[in-house]
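Since the structure comes first, as structure tokens, the remarks are kept for the end.
Each reported figure results from applying straightforward, stated rules to the coordinates on display, with no laboratory input. Here the structure is a predicted model, which means the values were calculated and not measured. With ideal geometry, Cβ positions are generated from the backbone for all residues, glycine too; neighbour counts draw on all protein chains shown.
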Amino acid sequence: MKNSVEVKKLSFNYGKLEILKNLDLNIQDGEFMVLLGPSGCGKTTLLNCIAGLLDLNEGQIWIENDNVTWKEPKDRHIGMVFQSYALYPSMTVEKNLSFGLRMMNVNKGIIQEKIKKASELLQIGDLLHRKPSQLSGGQRQRVAIGRALVRDAKVFLFDEPLSNLDAKLRAELRYEIKKLHRDLGNTMIYVTHDQIEAMTLADRIAVMKNGVIQQLDSPKQIYNKPANLFVADFIGSPGMNFFNGKYNKEENSFSFNNSNISLENYEFENQPEDTSSIVLGIRPEDILLNKSANSTEFKIELIEPMGADTLIWLSFENVPFSVRLEGSSNYKLGDLIHLEFNIKRASLFDKKSEKRI
Amino acid sequence: MSLSSLSIEPSGSKPKHLTIGRIGLYCFILICALFFLMPLYVMIVTSLKDMDEIRSGNLLYIPKTLSFYAWPKAWSEACTGFVCEGLKPGLINSIKITVPSVIVSVSLGALNGYALAFWRFKGAYLFFGLCLFGAFIPYQVMVYPLLKIESAIGIYSSLPGIILVHTIFGMPILTLIFRNFYASLPIDLFKAARIDGGNFLKIFFYVIIPMSTPITIVAVILQVTGIWNDFLLGLVFAGRDNQPMTVQLNNIVQVDFGVAEYNVDMAATILTSMIPLAVYFISGRWFVRGIAAGAIKG
């Protein structure tokens with residue numbers, strides 16, 4: 001499959017501060033790529049470099065087999081949607097949509113046709129004569145998406161488009177964006193710090209930290225096999241439980257204070273040395289209720305009901321951890337329950353390098 | 001029965017009491033207003049008295065007999081130096097100077113502010129710093145060098161000459177207020193416009209100018225009053241044929257021979273200050289809004 005966007009050895013400095021370091025990223029034609037990371041990780045900077053809104057210091061940007069590194073944003077065949085919507089406040093919705101085409105001196109009939117098509121697709125036909133100030137947040141973001149649509153952009157860039165919306169609208173527009181991608185099949189690059197958005201929308205996610213891509217993989221792979229401690233900790237809500245311990249080679253087990261957990265079922269990528277410090281990471285849903293012999297008894301310390309499921313907090317050798325149970329489960333504070341760690345689905349990391357082992 | 005049980009239980013909107021502090025505050029405001037209105041009152045009253053009554057010395061009294069002759073005299077007969085045509089030609093000159101100066105300086109100030117706020121070229125901060133610096137230099141310092149420059153290029157003592165001078169002296173402060181206003185606009189708008197294919201001027205005309213109404217009104221008020229009230233630059237640069245109203249007013253008031261006609265002086269002064277007064281009254285709402293917006297966002 002051919003690449004739609006290629007970022008080659010990109011470096012970007014802001015004064016003396018290095019934001020992006022020698023970054024490579026290939027995005028395939030029609031792919032939905034999500035750049036995910038905490039604030040300040042460089043994801044928006046990367047997007048702005050791709051858009052041509054920031055001058056990069058080193059490296060190249062290729063869009064549709066065309067080296068656009070020195071090209072103006074308007075010549076890059078891109079459309080961009082911003083967190084703040086960035087609608088021109090003095091223009092009506094219709095003028096907002098047609099602005100780009102009018103700047104390119106496109107024939108009026110064609111403009112009308114394109115606006116009609118885009119407004120039907122986004123269900124904003126009734127709003128064409130309103131000013132942005134008369135629209136709700138969700139409607140504004142639809143118009144902003146429409147503005148990218150009418151330009152026939154090859155690549156869509158989204159800069160945290162849903163972050164200003166309330167939870168319900170966010171879910172609604174997330175669905176719309178996913179549908180849009182299904183129907184249009186354009187390449188889309190989407191920046192967010194919201195892991196739910198990343199998981200639901202992406203074909204592939206690039207998890208970033210300090211200007212470096214930590215892991216680039218499918219949402220499933222990133223959730224189940226995080227490449228390092230940062231990714232494991234960042235992805236998942238409620239977060240992964242971590243236990244710091246040592247590897248016992250003789251018994252192939254994880255020794256943690258006075259306890260031992262067998263690692264027989266764990267698929268090692270590379271076997272650690274004896275007594276090396278390792279971190280066991282296990283998601284709240286991978287700790288199971290079990291009354292068999294190798295289960296352990298714990299006391300419930302806190303209960304967080306979340307509707308669909310219930311999160312309970314317990315302690316293992318004085319380290320608090322959480323377990324996800326069904327929403328219908330009926331436990332009380334202080335109850336004793338038997339739990340077993342599903343080691344097959346756990347993750348082990350080297351304490352020093354923080355990499356998956 | 002204890003005292004506390006007598007008081008009303010708090011419910012609904014809190015009752016407003018006129019406290020002594022409040023009364024004191026209102027009194028203070030009233031006195032301030034009267035203090036600042038006093039000169040205006042004296043001017044109006046004096047302009048409506050005849051010279052005999054003025055000489056009798058009761059400055060604050062209302063006129064015993066109303067006499068209006070001072071006003072037409074100030075307007076069209078008072079002597080400004082050797083000619084005796086009143087302030088009328090001065091008004092026309094002032095308009096001829098103010099209107100183009102305001103248009104040119106505000107347009108350029110907006111363009112400068114836009115470039116500084118959005119197109120951050122190398123050295124933009126240094127340039128902005130110099131602008132700030134320029135806004136605080138007393139312009140008397142630059143009068144003589146400017147005079148030499150203007151006479152060298154041959155526009156000294158002419159209408160274009162005075163317009164150029166006003167434009168130059170308006171530039172630092174106008175650039176400053178426009179830059180600060182534009183810096184408060186979301187940068188994403190500018191980014192979106194760049195992706196939509198706007199270049200430097202297209203973005204300015206189609207996206208930025210339509211959003212500049214409040215700050216433009218502030219800038220216009222600032223410039224109209226500033227240029228209208230200017231005396232020194234008009235005296236030095238405008239030339240004999242284009243002397244603005246302020247210079248002619250000075251000529252009426254500063255008589256070297258004959259009698260000082262205070263009623264005519266007062267009428268002439270009020271006539272001269274009519275335009276800035278009108279500007280403040282008509283646009284006061286906008287003026288406050290613009291200043292407030294600048295204060296919060298700038």
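Out of B:Ile155, B:Ile173, B:Ile168, B:Ile163, which single residue is surrounded by 22 or more Cβ atoms within 10 Å (Cβ to Cβ) and either more than 9 Å from chain A (Cβ to nearest Cβ) or in a helix (DSSP H, G or I) (or both)?
Only one candidate qualifies: B:Ile163.
Would you point out which residue out of B:Val253, B:Val264, B:Val207 is crowded, with 22+ Cβ neighbours inside 10 Å and more than 23 Å from B:Met171 (Cα to Cα)?
B:Val264
Could we say that B:Leu235 is assigned to a helix (DSSP H, G or I), more than 19 Å from B:Ala135 (Cβ to Cβ) and not β-branched (Val, Ile, Thr) here?
yes
Please work out which residue is nearest to A:Thr192 (Cα to Cα), limiting yourself to the range A:235-250 and to residues that are in a loop (DSSP other than H, G, I, E, B) and not small (Gly, Ala, Ser).
A:Ile235
When you go through (1) crowded, with 22+ Cβ neighbours inside 10 Å; (2) in contact with a strand residue (DSSP E or B) (Cβ under 8 Å, 6 or more places away or on another chain) one by one for A:Tyr85, which number turns out not to apply?
(2)
Name the pairs whose Cβ atoms lie under 6 Å apart, with the first residue in the range A:43-59 and away from chain B (no Cβ under 13 Å), the second part of a loop (DSSP other than H, G, I, E, B), and 6 or more positions between them or separate chains?
Final answer for the pair search is A:Lys43/A:Gly37.
Filter the range B:200-241 down to the residues that are in contact (Cβ under 8 Å) with a residue 60 or more places away in the chain and of a type in the set (S, T, N, Q), then identify the one that is nearest to the other protein chains (Cβ to nearest Cβ).
B:Ser212
For the range B:179-199, name all the residues that are at the interface with another protein chain (Cβ under 7 Å from one of its Cβ atoms), touching a Leu at 6+ places or on another chain (Cβ under 7 Å) and either over 10 Å from A:Ala86 (Cα atoms) or among the hydrophobic types (A, V, I, L, M, F, W, C) (or both).
Answer for the range B:179-199, where residues must be at the interface with another protein chain (Cβ under 7 Å from one of its Cβ atoms), touching a Leu at 6+ places or on another chain (Cβ under 7 Å) and either over 10 Å from A:Ala86 (Cα atoms) or among the hydrophobic types (A, V, I, L, M, F, W, C) (or both): just B:Arg194.
Tell me, which residue of the range A:67-78 that is in contact with a helix residue (DSSP H, G or I) (Cβ under 9 Å, 6 or more places away or on another chain) and more than 7 Å from chain B (Cβ to nearest Cβ) is nearest to A:Leu149 (Cα to Cα)?
Ranking the candidates gives A:Arg76 first.
I'm checking my understanding of the structure. Among residues of the range A:188-247 that are in contact with an Asp or Glu (Cβ under 6 Å, 6 or more places away or on another chain) and aliphatic (A, V, I, L, M), which one is surrounded by the most Cβ atoms within 10 Å (Cβ to Cβ)?
Among those that are in contact with an Asp or Glu (Cβ under 6 Å, 6 or more places away or on another chain) and aliphatic (A, V, I, L, M), it is A:Val191.
Restricting attention to the range A:88-104, does a residue exist that is at the interface with chain B (Cβ under 7 Å from one of its Cβ atoms) and at positive phi?
No, the range A:88-104 has no match at all.
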